[in-house]
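Step one of this worksheet: look at the structure below.
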Amino acid sequence: MTPPHAPAPHELVALRQRYRLERERRVRPDDMAQYRDTDAEFGYYAADPYTAPTKRDARHDTVDVAVIGGGFGGILAGARLRQQGVRSIRIVERGGDVGGTWYWNRYPGVHCDIESHVYLPLLDETGYVPEWKYAPGEEIRQHAVRIAERFGLYADALFSTQVTSLTWDDASETWTVTTDRGDAFRATYVINATGTLTEPKLPGIPGIETFRGHTFHTSRWDYGYTGGTPEGGMSGLADKRVGIVGTGATGIQVIPMLARDAAHLYVFQRTPSTVDVRANRRTTAEDVGADREGWARRRRENYLRIVSGEPEEQDLVADRWTASAGLLEKLLPSFRRQGDREAFEEAYEAADAAKMNELRQRVERTVTDPETAEKLKPWYRYACKRPTFSDLYYPAFNRDNVTLIDTADTHGIERITERGVVVGDTVLEVDCLIFATGFFVGASGIHTGKLPVHGRGGTQLLHRWARQGPRTLHGFTSSGFPNLIQMGSFQNASSVNFTHVLDEQAVHAAALVAAAEARNALVEPSPEAEDAWNTAIGKDAPDHEWFHAECTPGYYNREGRGRPNGPTAYPHGAVAFHRLLADWREHSIGEALRARTTPRPSDSHRADTAD
Ligand code: NDP
């Protein structure tokens, strides 16, 4: 193997040209319109295959806090609220249990590609130590259950239930929460934790509705048809020709499992992912320092600092994320200090090219058929698409029963018929067609028309934002919408280890509730505080623009159109943001509080859900 080398200037010019051509080849004029919702006649693709809703009475009572969403965001909010002494908490969740993305995504091979010892939250608090460096999805789902049990979040939770509206009542200073199960209950506070990648999307391939074989989306795996478990053993596929569409982070995990179990597997690829070394292994408590108090907090802070480009002496996790996934972020701090864009872009381009050459060499080394290897090589900059990791993916293409169908030249699959898939002149008959085609980004919760939010005076949140642009304080709260706390990365911060970010948000949300309770106040920032935040996050916002504009299309750059206008996140990274929040909580939390005009709802009306 040739070791990755620093590319010469002429190589960089050639790469730039190649990347530009690849981008042009892939950008589609219909960008987001190429996808289709999983509703109406396609609702089958989004139905819950794991839990049948049970009958229950509609709720018309009052709770202290309604938490929308039972994924890690929601249960972390619940846990942190409990630590602040909040007794009455009601989680409302569309799925049949807690777990969020880990409830829905149970496809064979599902793992978290972030190290389990930093990804699984509340390890210090629950005493749980994962056994693998990268945990299987089921273990993560079970950990979500563990947290919900430990913090007494099941007692009043409503599952298989979707919130349909939030309406603020000025007279009682409470929210009315309605759901699709006929509930209409009151809550003093509402925490919205509906997640970002929740709505499965389908490609709008002509003829998709005519397919007569079996079909489903990876986030609703049909084990009734395939047989087996997330660990494999899909005996139902032993005599089946299976097609899978999509080679993103999900496709990379599921394809080796399908390759093992299906009679024949066709992999329909549009853009190849970068697939780096995985090296999963069993770990011991000693390996990860779990014999010392506060070990998990120290480890995940160390990880966040490294992937955010902050100086750190030791790399405790030491994997491919910490080695290279923070490529861009690692150079950003020095750019911010010196502001020399040209030097920054040059340094970035050279580091990126070395990394991408290494990954393309990995394909060549592993895939025996040169034509297939060529098609699997990614031609774009490293973080244009979400990096993926697997030691099983490339070897799967050396099997006789696996065929890679590259669809880049036709912008994806051209047509689906009753019996199969059409790409160019080729018609491939399949018995089962599986869509690993991802999710609409940020398509649930209060940022969408699907969950209308009426604040003071009946003002609708999205109408207000359409008029004046989105306005929040730190991404959490908005004036005119008291006691409504939003989790997620909008005007907030993000990181690859999103559960860490969510936990910091949960701590913050619980502190806001506790401060309001202590002072008999409402959580509501002033318009001036929102304006100041908007200015603060807008100041350095364009850092990533140049980068995404040159990328192949995908959900990171809105299918090639670039990032939306206006500041969408705190531009200095999660570490700096968490510091800022902690400092604000200590010195300025009063800024976000305003006096109640009514007494709090009496305790006697509240559902008592304390553990
Ligand atoms: P992605 O959106 O990342 O990938 C969708 C795939 O479908 C892409 O390969 C896309 O191609 C392909 N596709 C879409 N339309 C067509 C078409 N018409 N014809 C052919 N191919 C098509 O979805 P994933 O479910 O893979 O991942 C979503 C996110 O979920 C990840 O980015 C990650 O954040 C998270 N995830 C995290 C995991 C973890 O371990 N932590 C594991 C799995 C997912 P193209 O690239 O050309 O658009």
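The values are calculated or read from the model by the stated rules, or taken from the named source; none is laboratory data. Predicted, not measured: the structure shown is a model, and the values here were computed from it. Counting neighbours? That spans all protein chains shown, and the Cβs are built from the backbone with ideal geometry, glycine included. Heads up: the accessible areas ignore ligands, DNA and RNA and are worked out on the full protein's heavy atoms, side chains in. Shrake-Rupley method; radii C 1.70, N 1.55, O 1.52, S 1.80 Å.
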Residues within segment 111-127 that are surrounded by fewer than 24 Cβ atoms within 10 Å (Cβ to Cβ), within 12 Å of the ligand (Cβ to nearest atom) and hydrophobic (A, V, I, L, M, F, W, C), tallied:
1
Qualifying residue in segment 65-82 (condition: at pLDDT 95 or above, within 30 Å of Pro272 (Cα to Cα) and open to solvent by less than 10 Å² (accessible area, probe 1.4 Å)):
no
For segment 264-311, which positions are of a type in the set (S, T, N, Q) and either in a strand (DSSP E or B) or within 16 Å of the ligand (Cβ to nearest atom) (or both)?
Gln269, Thr271, Ser273, Thr274, Asn280
Of the conditions (1) in contact (Cβ under 8 Å) with a residue 40 or more places away in the chain; (2) over 30 Å from Thr176 (Cα atoms); (3) within 15 Å of the ligand (Cβ to nearest atom); (4) open to solvent by 10 Å² or more (accessible area, probe 1.4 Å), the single one that Gly412 does not satisfy is (4)
When the residues of segment 272-286 are filtered to those that are within 22 Å of Lys377 (Cβ to Cβ) and out of contact with any Asp or Glu (no Cβ under 8 Å at 6 or more places or on another chain), which remaining residue is surrounded by the most Cβ atoms within 10 Å (Cβ to Cβ)?
Thr274
So which residues in segment 234-260 are of a type outside the set (D, E, K, R), open to solvent by 10 Å² or more (accessible area, probe 1.4 Å) and more than 12 Å from the ligand (Cβ to nearest atom), if there are any at all?
Ser235, Gly236, Ala238, Pro256, Met257
Since Ala318 meets every condition but one in (1) under 28 Å from Ala353 (Cα atoms); (2) more than 16 Å from the ligand (Cβ to nearest atom); (3) open to solvent by less than 50 Å² (accessible area, probe 1.4 Å), which condition does it not meet?
(3)
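Results for (1) within 12 Å of the ligand (Cβ to nearest atom); (2) under 20 Å from Asp37 (Cα atoms), shown as yes or no for each residue.
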| residue | (1), (2) |
| --- | --- |
| Gly195 | yes, yes |
| Pro206 | yes, yes |
| Glu209 | no, yes |
| His217 | yes, yes |
| Gly224 | no, no |
| Thr229 | no, no |
| Gly232 | no, no |
Go through segment 84-110 and report how many residues are surrounded by fewer than 22 Cβ atoms within 10 Å (Cβ to Cβ) and charged (D, E, K, R).
3
The number of residues in segment 128-153 that are without any contact (Cβ under 8 Å) to a residue 40 or more places away in the chain and either more than 25 Å from Glu293 (Cα to Cα) or surrounded by fewer than 17 Cβ atoms within 10 Å (Cβ to Cβ) (or both) is 2
Take the residues in segment 25-52 that are modelled with pLDDT of 90 or more and open to solvent by 40 Å² or more (accessible area, probe 1.4 Å), then tell me which one is farthest from the ligand (Cβ to nearest atom).
Ala52
Flagged pairs (Cβ under 6 angstrom, 6 or more apart or on separate chains; first in segment 198-216, farther than 28 Å from Gly445 by Cα; second of a type in the set (Asp, Glu)) are Thr210/Glu418; Arg212/Glu418; Gly213/Asp431
Note on Thr499: of the conditions (1) of a type in the set (Val, Ile, Thr); (2) in a loop (DSSP other than H, G, I, E, B); (3) open to solvent by less than 20 Å² (accessible area, probe 1.4 Å), unmet is (2)
Given the conditions (1) of a type in the set (Gly, Ala, Ser); (2) within 16 Å of the ligand (Cβ to nearest atom); (3) in contact with a helix residue (DSSP H, G or I) (Cβ under 6 Å, 6 or more places away or on another chain), report the number of the one that Gly480 does not fulfil.
(2)
Would you confirm, using the coordinates I've provided, whether Arg28 is outside any helix (DSSP H, G or I), farther than 30 Å from Thr226 by Cα and among the charged types (D, E, K, R)?
yes
Can Thr164 be described as modelled with pLDDT under 95 and open to solvent by 40 Å² or more (accessible area, probe 1.4 Å)?
no
